[in-house]
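Just so you know, all these numbers are worked out from the coordinates, no wet-lab data involved. What you are looking at is a predicted structure, and each value in this text was computed from that prediction instead of being measured. A quick note on method: Cβ atoms are made from the backbone with ideal geometry, for glycine too, and the neighbour counts reach across all protein chains shown.
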């Protein structure tokens, strides 16, 4: 069955460093991969979308890579700030199906 | 603010009862999605409607049903509630009908507690 894996352990980093979060998937051929941010008790907020034929996408301090051979996406936040502390979810779709979400990784940025 | 509204914000009820959750999508969005989020399961897709028609079904229990009305608002009905139904329920909306390059806009959620 389709599986999306994100590190269940929280990632703790210091302010100013680059945070890197991983999303691995199996038994899936996604056409699009999305990253969302979720704060406690609130709805997810869309951050970035990357297509299967794109290797990398950037938006301000955010960068996403998509390696369909490794079946992996990496999500980077450069010059991280305490305000970046949240849970980050990756989500995949084959293009015809609805989004399937990973369980997310919590990021904690300390001052 | 995503533009998606959900009511009520909190709901506390007893086992065996029935509740209705309401969602209004962003202006112009024809697709509405319902998700359930619990601590151990993550965000689980329940059902999608597009312009009034059921479009896709996920892990939705038979005790749950939904509909989308002509004004595009949607309701999720949960009946014969069990303790395990306690969770955050999110509604999301999008412009496109399917899972293409199609970001979803989430509402603030309804926290359901079944006692």
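Calculated FRET efficiency, residue A:42 and residue B:14, Cβ-Cβ r, R0 22 Å, to nearest 0.05?
On the way: r = 27 Å, r/R0 = 1.22.
The value I calculate is 0.25.
Enter the mean number of other protein chain beta carbons within 10 Å of the beta carbon of each residue in B:105-111, as an integer.
Numbers: counts 4, 7, 2, 3, 4, 0, 1.
For this peptide, the per-residue mean of nearby foreign Cβ atoms is 3.
Along the Cα→Cβ direction, 7 angstrom out, place labels at residue B:63 and residue A:20. What is the inter-label distance in nm?
4.5 nm
Averaging the inverse of every distinct alpha carbon separation and then flipping it gives the Kirkwood radius. What is it for chain B, in angstrom units?
On the way: mean 1/r = 0.0715 Å⁻¹.
Answer for chain B: a Kirkwood hydrodynamic radius of 14.0 Å.
Counting other C-beta atoms within 10 Å, which of A:52, B:53, B:103, A:9 has the fewest, and how do the rest follow?
Details: A:52 14, B:53 10, B:103 18, A:9 7.
Fewest to most other Cβ atoms nearby, the residues stand as A:9, B:53, A:52, B:103.
Between residue A:69 and residue B:5, how high is the FRET efficiency from 1/(1 + (r/R0)^6) when r is the Cβ-Cβ distance and R₀ = 35 Å? Nearest 0.05. Working shown, then result.
On the way: r = 42 Å, r/R0 = 1.20.
Efficiency for this residue pair is about 0.25.
Out of the DSSP beta bridges found with both residues in the protein assembly as shown, what percent are antiparallel (nearest 5)? Intermediate results must be reported in sequence, preceding the final value.
Working: 75 of 83 bridges.
Around 90 percent of the beta bridges assigned by DSSP in the protein assembly as shown are antiparallel ones.
Taking the Cβ-Cβ separation of residue A:7 and residue B:71 as r and a Förster radius of 30 Å, what is the calculated FRET efficiency to the nearest 0.05? Could you put the intermediate results ahead of the total?
On the way: r = 42 Å, r/R0 = 1.40.
So the FRET efficiency works out to roughly 0.10.
Roughly speaking, what is the stretch gain from residue B:38 to residue B:86, that is 0.36 nm per residue apart minus the C-alpha to C-alpha distance, in nm to one decimal? If you can, show how the numbers build up before the last one.
Numbers: separation 48, 0.36 × 48 = 17.28 nm, distance 0.77 nm.
So the extension gain works out to 16.5 nm.
Taking the convex hull of the alpha carbon atoms in the protein assembly as shown, what volume per residue do you get, in Å³? Don't skip to the answer; put the middle values down first.
Numbers: hull volume 27.6 nm³, N = 226.
It is 122 Å³ per residue.
The range B:22-75 to the range A:1-80: how many Å between their Cα centroids?
Taking the Cα centre of the range A:1-80 as reference, the centre of the range B:22-75 is 25 Å away.
Roughly how crowded by other chains is peptide A:36-48, in terms of the mean Cβ count from those chains within 10 Å of each of its Cβ atoms?
Working: counts 4, 0, 4, 0, 0, 5, 7, 16, 10, 5, 8, 1, 1.
What the average comes to for A:36-48 is 5.
Shielding of B:88-97 by partners, i.e. mean partner chain Cβ atoms within 10 Å per residue? Display every interim value, and only then the final one.
Details: counts 3, 0, 4, 1, 5, 0, 3, 0, 0, 0.
That works out to 2 on average.
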